[in-house]
Amino acid sequence: MTTTDDEAILRAVLDQWKEAVDEHQPERVASLFTSDALFQGLHPYTVGRRGVAEYYDSQPLGLKVDYRILETRRLADDLVLGYQDVEFSFTDRPALNVKLAVLVSRVKGEWLISHYQVSRLG
């Protein structure tokens with residue numbers, strides 16, 4: 001596998017995540033995570049899809065997301081780490097820029113997010 005392959009894997013998952021966030025579909029966002037995913041947004045962490053769905057359900061309507069992959073690492077055949085610049089934009093306040101680290105795992109042939117960690121730097 002190459003870095004290009006790893007980026008394609010991440011992009012496939014993150015494009016679906018972006019679309020579901022942009023369309024305010026919290027259950028669809030949650031379906032992109034493993035059942036035991038560790039999720040750390042800008043609120044206390046949760047484990048599992050229910051917490052992911054609740055987090056995204058609490059986000060304001062009109063929230064949009066854009067991302068740019070900065071780095072990838074293949075940690076194992078079924079495990080890819082990605083580090084991204086992410087901008088969350090809102091209808092009523094300035095955009096929020098964060099760093100996002102995700103670990104995607106291949107589970108039964110499907111790539112899902114097993115770890116999601118947002119960092120607000122600066």
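The values are calculated or read from the model by the stated rules, or taken from the named source; none is laboratory data. Computed from a prediction, not measured in an experiment: that's the story for all the values here. Here Cβ is always computed from backbone atoms with ideal geometry, including for glycine, and neighbour counts include all displayed protein chains.
Computed quantities for the displayed model
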| read-out | value |
| --- | --- |
| Scope segment 41-72; condition assigned to a strand (DSSP E or B) and within 19 Å of residue 14 (Cβ to Cβ); matching residues | 64, 65, 66, 67, 68, 69, 70, 71, 72 |
| Subset of segment 42-54 [in contact (Cβ under 8 Å) with a residue 24 or more places away in the chain and surrounded by 19 or more Cβ atoms within 10 Å (Cβ to Cβ)] | 52, 53 |
| Tally of residues being touching a residue at least 60 places away in the same chain (Cβ under 8 Å) and either more than 17 Å from residue 42 (Cβ to Cβ) or loosely packed, with under 14 Cβ neighbours inside 10 Å (or both) across segment 78-112 | 7 |
| Where a residue in segment 22-40 is closer than 17 Å to residue 108 by Cβ and part of a loop (DSSP other than H, G, I, E, B) and its partner, wherever it lies, is at pLDDT 95 or above and basic (Lys, Arg), with Cβ under 8 Å and at least six apart | 31/49 |
| Residue 82 vs. criteria at positive phi and either modelled with pLDDT under 95 or in contact with a Ser or Thr (Cβ under 9 Å, 6 or more places away or on another chain) (or both) | no |
| Residue 107 being of a type in the set (A, V, I, L, M, F, W, C) and over 20 Å from residue 5 (Cβ atoms) | no |
| Residue in segment 2-14 that is part of a strand (DSSP E or B) and either among the aliphatic types (A, V, I, L, M) or in contact with a helix residue (DSSP H, G or I) (Cβ under 9 Å, 6 or more places away or on another chain) (or both) present | no |
